[in-house]
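The values are calculated or read from the model by the stated rules, or taken from the named source; none is laboratory data. Here the structure is a predicted model, which means the values were calculated and not measured. Reconstructed Cβ throughout: ideal geometry from the backbone, glycine too, with neighbour counts over all protein chains shown. Accessible surface is based on the protein model in full, side chains and every heavy atom, while ligands, DNA and RNA are left aside. Shrake-Rupley method; radii C 1.70, N 1.55, O 1.52, S 1.80 Å.
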Amino acid sequence: MNECLTPNKPCAWITETSQVNSLVKDIVEKVSASTIPIAGGGTETNKWKKIFTELQRDWITYTLYTQNTTVDYTHTGGGLSRINKLGTQTNHVDDNGYVWELSPDTPYTGYDESYRTGRKVNVKSFTHGGTVYNIPDALVTLVDMQPNFPESTFSNPWEKYQAYVVKHARIDYTGNEVEDVNWNQFKLLAPMPDDWTYYLYLRSKGSNFLLHRYREYSDGKWSNLSINLLIVSTYTVTLNRFTPTHNSIPAIGVLQHEGGEIVNVLLEQPEDNANYFKIRYGFAVEGDIVPSSDNQYAVNTYNKACDLSTVGAGKTPVVIDQYEAYLAWERQVYESNHFVPRVFNIVDGFTSPNTLAFTSADYTESWIADKKRPFFSTVDYYISVDNSRLVMILQGDPSHGIDNYYRNLVYIGMTEDLATTPSTGNFAVTAGTGELTAAKAGMTYNNIDKTKNNSYSAFGRHSSNGMDSVSMFKGKSGLYFQEYHPAFLTHLPNYPTVGTIPSPLQRLVLDIHGFNASLWTEEIHSSPIYLVNFYEGYRCNLYGVVAIHDHNMIDGEELEMQIGNTTEVYKFFSLNTHINMFSKSPTTFNTSIAILKEVKNN
């Protein structure tokens, strides 16, 4: 391979595969951890620093509301018993606090104790295990002690049951038991005397516990009246209930380059699109970064409380377990270390427009049910990194669709100045995008067109989107993020998607057959990639990247170039992104690249 570049510095070479959901984090960590070689042997300090990485996080926050409802005691075996509340009884109570049941044949006048059935209940209190339990305001339930036997098998049907005093009892987020009157969990405190079981059974069946009978004269006639023990009422609880709200942060990674000036680069994976990640650069980051959040805290906000299929970007979470939602709400309110998303602060808010680095596309085939590229799909990446720049090839997973993946060039970093005096703001970013249709990308070209999207013209009419041009940190006149276009040595190319070449020039277009390598030199022609601005003219060229005519080439093929006492090894990649920096270059067709892999001493 031949070209006319000055010798390149040695580079580190990274070959990895990551899932989309961890791609940007992995890239930042691999680049910042790479060992940078120097000419003649040895290494130097890596000037790419990891500032911040975070995986995509979903978490749920809860809003408290209340709901009135009757409640039940849940048995260990899974049965339910209705909870009731006892009131106060003041009439027909003897000196010991008892009321006595009268038989149904008790006359309305002139009866004595002989009409008592022998059953009595203490409406003041009872003692069990040395503890006194007051009856007024007590919560009680009738527990079925023999759930496998019908009432008909017992001499007295109430013998199947046992009355208990209960209390609210809930295990809170700390694992401790609390008495929570706004929750429908209860604990058995003590069995009540048998006559209480009898009484509660009667009331559950709508029958009465007779206390007294008498006659009353009113409106000129006599009436027979009965007084029953009526101190059982339905217990209603004002329950705490919780409405979920979905929150999320995208997967992000921040690299800092300590070159001629400090430049920060943010890689961000959208939460709802696995086809690309965003690149922004140029901002200053606040010094203290919040320590890493434990992802388990985020997961604990929903993994038991919500239907997992309803948690995620663009979805509405659904609570399936209000108790687990209660625990998550308590952690949210009371725990100082409950999940808080990591936050890094852009100090001056000064960032480039988003450059979208595509690796894949959504499906359009009618027979594929889920059209979205999944976040567990993989991306292969090859990175050439030195202390000036990183050059990266991204390749989406073709197994998800041979027509739905891209091989993409990403360049981030300094360039080689043509001027003898290094220029300021010498930092470039470019990446390719896929086919911009709503069906395949979730967007159209209008989303990145500066005439349609003002964010891409924030720095003037020649602002760069970093996709169909190369974005430079600062131009000669001080403007930021201006567009530069590649220029290189090439034969007259064809322009099948641009227009018609004038007929006098058509004879100069090479036939699509043949060519590469040269039959005279047995070498493949390559060219430096120069960057040109409409105002500044030729400014620089890209480090360690050369343009190659993409014909009769094998993707991944390694090429060697002899420069002085070194051999530079390049790896060829055939780009297939629909929009890239070559879109507005001397050739928009059949031009790909080779990137520096290694520098060997001869």
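Numerical summary
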| item | result |
| --- | --- |
| Label zone at Trp222, where the point sits 7 Å out along the Cα-to-Cβ direction: the range 73-114 residues whose backbone N lies under 19 Å | 105-112 |
| Cα-centre dipole for the range 72-234 with unit charges at Cβ (Lys and Arg positive, Asp and Glu negative), debye to 20 | 220 debye |
| Cut-off under 5 Å, modelled amide H: who pairs with Glu557 long-range | Phe572 |
| Neighbourhood charge, 12 Å Cβ-Cβ cut-off, centred on Ile83 and excluding it, Lys, Arg +1 and Asp, Glu -1 | +3 |
| Backbone HN-Hα couplings from phi across the range 226-233 [Karplus 6.51/-1.76/1.60, Hz, Gly and Pro as x] | 10, 10, 10, 7, 10, 10, 9, 10 |
| 5 angstrom amide H check on Ile593, placed H, neighbours 5+ away | Ile548, Phe573, Leu575 |
| For the chain, calculated [θ]222 nm from helices alone, where every DSSP H run of n ≥ 4 adds -39500 (n - 2.57) | -2000 deg cm²/dmol |
| Accessible area (Å², per residue) of the chain, counting only protein heavy atoms and a probe of 1.4 Å | 48 Å² |
| Prolate/oblate/rounded label for the range 400-493 (Cα gyration tensor, a/c 1.5) | oblate |
| For the range 72-234: relative contact order, % (alpha-carbon pairs under 8 angstrom, 6 or more apart) | 25 percent |
| Listed residues Tyr111, Thr153, Asn601: farthest to the positive end of the dipole of the chain (Cβ charges) | Tyr111 |
| Residue pairs, from the table Lys49/Lys278; Lys85/Lys120; Lys49/Lys450; Lys25/Lys47; Lys160/Lys187; Lys49/Lys440, whose Cα atoms sit over 25 Å apart | Lys49/Lys450; Lys49/Lys440 |
| 12 Å beta-carbon shell around Phe573, net charge (K/R +1, D/E -1) | -2 |
| Cα gyration tensor, the range 72-234 - rounded (a/c under 1.5), prolate or oblate | prolate |
| Estimated inter-spin distance, Ile262 and Thr43, nm [label 7 Å along Cα→Cβ] | 2.4 nm |
| FRET efficiency for Phe154 and Asn96, using Cβ-Cβ distance with R0 set to 25 Å, rounded to 0.05 | 0.25 |
| With Cα atoms, 0 to 90° folded angle of helix 322-334 axis to the chain main axis | 70 degrees |
| Order by protection proxy (mean Cβ within 10 Å, highest first), peptides 16-23, 65-72 | 16-23, 65-72 |
| Per-residue ³J(HN,Hα) for the range 18-27, Karplus 6.51 cos²θ - 1.76 cosθ + 1.60, θ = phi - 60°, Hz, x for Gly and Pro | 9, 6, 4, 5, 10, 4, 5, 5, 5, 4 |
| Shape call, the chain: gyration tensor on alpha carbons, a/c limit 1.5 | prolate |
| Approximate spin-label separation Met145-Gln562, in nm, with each point projected 7 Å along Cα-to-Cβ | 10.2 nm |
| Förster radius 60 Å - calculated FRET efficiency between His75 and Tyr538, Cβ distance, rounded to 0.05 | 0.10 |
| Top positive-direction residue, dipole computed over the chain with Cβ charges, set Asn8, Val123, His578 | Val123 |
| Local electrostatic count, Asn275, Cβ distance below 12 Å [Lys/Arg +1, Asp/Glu -1] | +1 |
| Within the range 521-593: Cβ-based charge dipole about Cα centre, in debye rounded to nearest 20 (Lys, Arg +1; Asp, Glu -1) | 420 debye |
| The chain, relative contact order in percent, only Cα pairs under 8 angstrom and at least six apart counted | 15 percent |
| Label-point gap, in nm, between Leu418 and Glu177 - each point 7 angstrom along Cα→Cβ | 8.3 nm |
| Potential extension, Ser207-Ser366 segment - 0.36 nm per residue separation minus Cα distance | 50.6 nm |
| Cα centre as origin, Lys/Arg/Asp/Glu Cβ charges: the chain dipole, Debye | 1040 debye |
| ³J(HN,Hα), Karplus 6.51/-1.76/1.60, whole Hz, each residue of the range 420-431, x for Gly, Pro | 6, 9, x, 8, 7, x, 7, 8, 10, 9, 8, 7 |
